[in-house]
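Chemist: Have a look at this one.
The values are calculated or read from the model by the stated rules, or taken from the named source; none is laboratory data. Just so it is clear, the structure is predicted and the values come from calculations on it, not from any experiment. Positions of Cβ are backbone-derived with ideal geometry, glycine not excepted, and every protein chain shown enters the neighbour counts.
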Amino acid sequence: MGKFYITTPIYYVNDNPHLGHAYCTILADFFARYHRLMGDDTRFLTGTDEHGQKVQKTAEKEGITPRQLADRVVSRYQNLWKKLDISHDDFIRTTEERHSKGVLAILKLMEEKGDVYKASYEGPYCVNCESFFPEKDIVDGKCPDFGHPVTVLKEESYFFKLSKYQEPLLKLYSEQKNFVMPESRMNEVRSFVEKGLKDLSISRTSIHWGIPMPGDEKHVLYVWLDALSNYVSALGYGSGDDKLYNEFWPADLHLIGKDILRFHAVYWPAFLMSAGLPLPKHVFGHGWWMKDQNKMSKSLGNIVDPVPYVDQFGSDVMRYFLLREKPIGTDGSFSDEAFIDRLNADLANDIGNFASRLTALLDMQFEGKITAGDGSLKEAALKQLSDYHDAMGKFQPKEALEFVWTFISQLNKYLVEREPWAKPKTKESEDTLSEAARALRLIALQIAPVMPHAAGTIMKSLGFRPALFPQFNWDDPQETRSYRISNLFPRVDKKEYFADVKKPEEQKTEKKVDTEEKVEQPLVTIDEFRKIVLRAGKIIQAERVPKSSKLIRMIVDFGDENRQIVGGIGKKYQPEELVGKTCPFVFNLEPAKLMGVESNGMIMAGNLDGEPILLQFLEDVPPGSKIS
Ligand code: MSP
């Protein structure tokens, strides 16, 4: 037993969370839950990156302050983590005071080391990456990493002597072979550093949304120096209470996407070396999720929102799919088809059928009693368990789960070979079923990090007390009473599912026909009606759209997300009287712009003398509740 400190990247608040963000956080949650089950003193940190130019610009575009934008988006992240059963111990926001204290404490140490100086700088700058790039790396006016447009920026700036750390970094990579994982990423990082490191600009005067440089407040700190420090500021570093820092730092694993490797594997260790603080043990750069083989992007309109999948199938299924479908280090492609196939094959079929068949037999033959068994599965089970631990030690969730699923198919075979249904109520059948039940208990323990709900259901139904790995004992003498497990993961009829899921283009043509051709009021079928999602929303902010007498811009809370909705209700209502009211909204209306302000839904209203009259519920309903 030891300690385990794991972190996710902190997410930018200029955009809403999607499947890619969910993936990284689910991975981290998986490792955190595993280490808790190993009895390790575990700490799991996630949070949001709220400063910098991206956030400032998006807020300006929306006509709100960066703080308002951050507050809106942060709750979306927090709600998504709740939905996905993420078990983080802390959530840090870089706008918190404890964070800026930590950043400034690190900066002070870097300055004391003589590693920070002021100079003037001019060069190509990428707003998206928030980075300067050397002239030679710019191709057609685009940044070398992602092809974003760059502009020439001239700034007086504070610099960090990154060049001084080239050798120490190379030494680190050769001494700590898996400082960066997987190995291919280690090679990328090494060759980047071998090419030579330039000093790094760590302040900006062109933006103001950030932590001011002490003593020279027209500069704010470079967003990456600010952001990376979250891993220690969240432990109280710099805030006068070092208890958590002493207990958990250095981090055991910074889990990140491959795109932000350089920041974590070059800049961050260099900052820490300069400050004289210990270095993290591993930085793991995971691969990306694409959608149907394409990169997810707003302009392609193919960003996958995990929420509808979780609403329909539960968080266990999404968590399992993401960890099992692709190796952690490589890219993978999300598709509805692959998702449903995995659910049907691995979950409904393999584990679901095994659990229901076994518990039904136990119930029918022995009133559910599980006894000592005959040890016939012990060796295979313990071997499988050790393969699982090996894979977990190498941070390979897909492989770890594959070992479990291979074992499940062995168990299905075991039942087929021993045919307990053909020898009801015999000692042989009792041994077979009890043995299989012990194996299922071990499976529940191993899937607990990925599917906490299913694992809990199995444990409870088998009557075993949940155990930690170190306490797990195959020969546990306790006799328990089990109950039937039915339909752990209901099978999805693929045909029906795909008949219901319409492509966005199809939905658009349908709408056109509706509005252009059906002038008389036609009857709609219940299925057509169900396409319109109506939900209760609580208005949490309201203000007039400038230069409009009618339009009011509202921020509406729907439980799992806040949305901006514009309504033409400003002649009848004042913004102040709307705040706090819960009203019905059309939830799945196409976004539209009203006087340049985006609206993502529609408030419903009656009509009195041509004026809209708002509707309310007879009883309080929680924000987000469906209206049918
Ligand atoms: N704010 C920085 C991180 C600072 S950490 C000190 C940032 N934020 S981000 O919101 O843009 O990205 C956060 C993480 O999401 C990154 O690790 C990134 O790799 C990951 N992903 C974004 N899109 C993704 C996919 N499509 N697939 C998998 N992960 C992806 O970078």
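Chemist: Can you report the number of residues in segment 1-42 which are out of contact with any His (no Cβ under 7 Å at 6 or more places or on another chain), more than 16 Å from W81 (Cβ to Cβ) and more than 11 Å from the ligand (Cβ to nearest atom)?
Modeler: 12
Chemist: Select, from L244, L197, the only residue that is part of a loop (DSSP other than H, G, I, E, B) and either in contact (Cβ under 8 Å) with a residue 60 or more places away in the chain or more than 16 Å from the ligand (Cβ to nearest atom) (or both).
Modeler: The conditions single out L197.
Chemist: Next up: Which numbered condition trips up K177, out of (1) over 16 Å from L221 (Cα atoms); (2) among the basic types (K, R); (3) in contact with a strand residue (DSSP E or B) (Cβ under 9 Å, 6 or more places away or on another chain)?
Modeler: Result: K177 passes all but (3).
Chemist: Can you name the strands (runs of 3 or more DSSP E) wholly within segment 532-628 that have at least 3 residues being surrounded by 20 or more Cβ atoms within 10 Å (Cβ to Cβ)? Before you say what the answer is, go through the steps one by one.
Modeler: Numbers: elements: 534-544, 552-557, 562-567, 582-586, 592-594, 597-599, 605-608, 611-614.
Because the criterion is at least 3 residues that are surrounded by 20 or more Cβ atoms within 10 Å (Cβ to Cβ), the strands (runs of 3 or more DSSP E) in segment 532-628 that meet it are 534-544, 552-557, 562-567, 582-586.
Chemist: Just a yes or no: is a residue in segment 473-492 surrounded by 15 or more Cβ atoms within 10 Å (Cβ to Cβ), at pLDDT below 95 and aromatic (F, W, Y)?
Modeler: Yes; the residues of segment 473-492 include at least one that is surrounded by 15 or more Cβ atoms within 10 Å (Cβ to Cβ), at pLDDT below 95 and aromatic (F, W, Y).
Chemist: Moving to a separate point now. Which condition number does E167 fail, the rest of (1) assigned to a loop (DSSP other than H, G, I, E, B); (2) at pLDDT 95 or above; (3) among the acidic types (D, E) being met?
Modeler: Failed condition: (1).
Chemist: Starting from segment 275-294, keep only residues that are without any contact (Cβ under 8 Å) to a residue 40 or more places away in the chain and within 28 Å of W249 (Cα to Cα), then list their pairs with residues that are aromatic (F, W, Y) and surrounded by 17 or more Cβ atoms within 10 Å (Cβ to Cβ) whose Cβ atoms are within a distance under 7 Å, requiring at least 6 positions of separation or different chains.
Modeler: P278/W249
Chemist: Would segment 52-73 turn up any residue that is near the ligand (Cβ under 9 Å from one of its atoms) and either over 19 Å from V283 (Cα atoms) or not basic (K, R) (or both)?
Modeler: Yes, the conditions are met somewhere in segment 52-73.
Chemist: If you don't mind, there's one more thing I want to ask. Against the definition (of a type outside the set (A, V, I, L, M, F, W, C), at pLDDT below 95 and surrounded by fewer than 24 Cβ atoms within 10 Å (Cβ to Cβ)), how does D40 come out, yes or no?
Modeler: Numbers: of a type outside the set (A, V, I, L, M, F, W, C): yes; at pLDDT below 95: no; surrounded by fewer than 24 Cβ atoms within 10 Å (Cβ to Cβ): yes.
Against the criterion (of a type outside the set (A, V, I, L, M, F, W, C), at pLDDT below 95 and surrounded by fewer than 24 Cβ atoms within 10 Å (Cβ to Cβ)), D40 does not qualify.
Chemist: Restricting attention to segment 204-228, which residues are in contact (Cβ under 8 Å) with a residue 60 or more places away in the chain and either within 11 Å of the ligand (Cβ to nearest atom) or in contact with a Cys (Cβ under 9 Å, 6 or more places away or on another chain) (or both)?
Modeler: Listed by number, the residues that qualify are V223, W224, L225, D226, A227.
Chemist: Name the residue that is farthest from the ligand (Cβ to nearest atom), counting only residues in segment 229-241 that are assigned to a loop (DSSP other than H, G, I, E, B) and not acidic (D, E).
Modeler: Within segment 229-241, the match that is farthest from the ligand (Cβ to nearest atom) is G240.
Chemist: Looking for whichever is under 26 Å from L488 (Cα atoms), surrounded by fewer than 20 Cβ atoms within 10 Å (Cβ to Cβ) and in contact (Cβ under 8 Å) with a residue 40 or more places away in the chain here; the options are A355, A345, A372, A400. Which one fits? Give the derivation first.
Modeler: Details: A355 fails: surrounded by fewer than 20 Cβ atoms within 10 Å (Cβ to Cβ); A345 fails: in contact (Cβ under 8 Å) with a residue 40 or more places away in the chain; A400 fails: surrounded by fewer than 20 Cβ atoms within 10 Å (Cβ to Cβ).
Being under 26 Å from L488 (Cα atoms), surrounded by fewer than 20 Cβ atoms within 10 Å (Cβ to Cβ) and in contact (Cβ under 8 Å) with a residue 40 or more places away in the chain holds for just one of A355, A345, A372, A400, which is A372.
Chemist: Are there strands (runs of 3 or more DSSP E) fully within segment 73-163 with at least 1 residues that are modelled with pLDDT under 95, aliphatic (A, V, I, L, M) and surrounded by fewer than 17 Cβ atoms within 10 Å (Cβ to Cβ)? List them.
Modeler: Values: elements: 90-93, 116-126, 150-160.
Here the list reads 116-126, 150-160.
Chemist: Being away from the ligand (no atom under 16 Å from the Cβ) and of a type in the set (F, W, Y) is the filter here; which residues of segment 329-381 pass it?
Modeler: F354, F366 - these are the residues of segment 329-381 that are away from the ligand (no atom under 16 Å from the Cβ) and of a type in the set (F, W, Y).
Chemist: Right, next: Among the numbered conditions (1) under 13 Å from A542 (Cβ atoms); (2) over 29 Å from the mean Cα position of the chain (by Cα); (3) hydrophobic (A, V, I, L, M, F, W, C), tell me where V556 comes up short.
Modeler: (2)
Chemist: Among the listed residues L261, L253, identify the single one that is more than 10 Å from the ligand (Cβ to nearest atom) and surrounded by 14 or more Cβ atoms within 10 Å (Cβ to Cβ). Give the steps one after another, and end with the answer.
Modeler: Working: L261 fails: more than 10 Å from the ligand (Cβ to nearest atom).
Going through L261, L253 in turn, the sole match is L253.
Chemist: Moving on to the next point. Any idea which residue in segment 264-306 is farthest from the ligand (Cβ to nearest atom), counting only those that are out of contact with any helix residue (DSSP H, G or I) (no Cβ under 9 Å at 6 or more places or on another chain) and closer than 16 Å to Y231 by Cα?
Modeler: Out of the qualifying residues, it is K281.
Chemist: Let me spell it out: the conditions are (1) over 20 Å from M318 (Cα atoms); (2) crowded, with 17+ Cβ neighbours inside 10 Å, and E428 meets all of them except one. Which number is the exception?
Modeler: Only one criterion in (1) over 20 Å from M318 (Cα atoms); (2) crowded, with 17+ Cβ neighbours inside 10 Å is unmet by E428, namely (2).
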